[in-house]
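Have a look at the structure below before the remarks.
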């Protein structure tokens, strides 16, 4: 049973590493083929940004491996996480509606990649805050 | 849901931390259960009943 869990963990780590490596390889290919060479989120190309994200991912995964903190995830946490997910989804729907109305009033000129980055960060923040608040109630 | 977890836990001289590790949850979950804030699954309720050496779930969890 224990070896099965360890195997599962090892597979998960391998998947995380391969995802990060994939981003680095994709970034290199983009840079070599001169794809997306416009300024992108503070980087000179999409490839450079992908390489940066890939390296960042590898550093975080390795750091987490060294810390090796045992985390207990029980049913209450899963229950709260589901509730937080529902709240985040509701937030997304409401936010989407507001954006539709705002875009109708005045066109949104923010670049699409920046808009999506802000949206993803916002969603993660809403999820995190609602999870932390709900944990106190259940 | 009202519970008698704290009562039987004190009877057996088990701390919240010990009970939590025995049933595989966090201490915060045990606190929530004792305060009646969280309704456990049947599996968790069964585990707690066994650890507290009770025969029926109804002895520990009161509907």
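Every read-out reported here was derived from the displayed coordinates using simple, explicitly stated rules and does not represent laboratory data. Please read all numbers here as calculations on a predicted model, not as lab measurements. So basically every Cβ, Gly included, is an ideal-geometry build from the backbone, and we count neighbours across all protein chains shown.
Given 5 Å bins starting at zero, what is the percent of C-alpha pairs of segment A:2-67 in each, up to the one with the largest pair distance?
Histogramming segment A:2-67 at 5 Å steps yields 4, 19, 20, 19, 13, 10, 7, 4, 3, 1 percent.
What base-10 log of the normalised intensity I(q)/I(0) is obtained for segment A:75-137 from the Debye formula, alpha carbons as equal point scatterers, at q = 0.20 Å⁻¹?
-0.79
Could you work out which residue, out of A:119, A:102, A:28, moves most in a Gaussian network model of chain A, that is, has the largest mean-square fluctuation with Cα springs under 10 Å?
Between A:119, A:102, A:28, it is A:102 that shows the largest mean-square fluctuation.
Summing -39500 (n - 2.57) over the DSSP H runs of n ≥ 4 in chain A and dividing by its residue number, what mean residue ellipticity at 222 nm do you reach, to the nearest 500 deg cm²/dmol?
-28500 deg cm²/dmol
log₁₀ I(q)/I(0) of segment B:2-62 at q = 0.12, 0.20, 0.21, 0.30 Å⁻¹, via Debye over equal Cα point scatterers, no solvent, to two decimals?
After summing over all Cα pairs, the log10 values are -0.21, -0.64, -0.71, -1.71.
Tell me the label-point distance for the pair residue B:59, residue A:66, using the 7 Å Cα-to-Cβ offset, in nm and rounded to one decimal.
5.1 nm
Given a 10 angstrom Cα cut-off, can you work out which residue in A:12, A:86, A:71 is the most mobile in a GNM of chain A?
A:71
At 1.306 mPa s and 10 °C, plugging the Kirkwood radius over alpha-carbon pairs of segment A:38-119 into Stokes-Einstein gives what diffusion coefficient in µm²/s?
95 µm²/s
Counting helices only, and only those DSSP H runs with n ≥ 4, report the 222 nm mean residue ellipticity of chain B as the sum of -39,500 (n - 2.57) divided by its residues, in deg cm²/dmol to the nearest 500.
-16000 deg cm²/dmol
What is the gain in length, in nm to one decimal, between residue A:86 and residue A:25 on full extension, counting 0.36 nm per residue of separation less the C-alpha to C-alpha distance?
Gain on stretching residue A:86 to residue A:25: 18.4 nm.
Beyond 32 Å, what share of the Cα-Cα pairs of the protein assembly as shown is found? Please give it as a whole percent.
Value for the protein assembly as shown: 44 percent of Cα pairs lie more than 32 Å apart.
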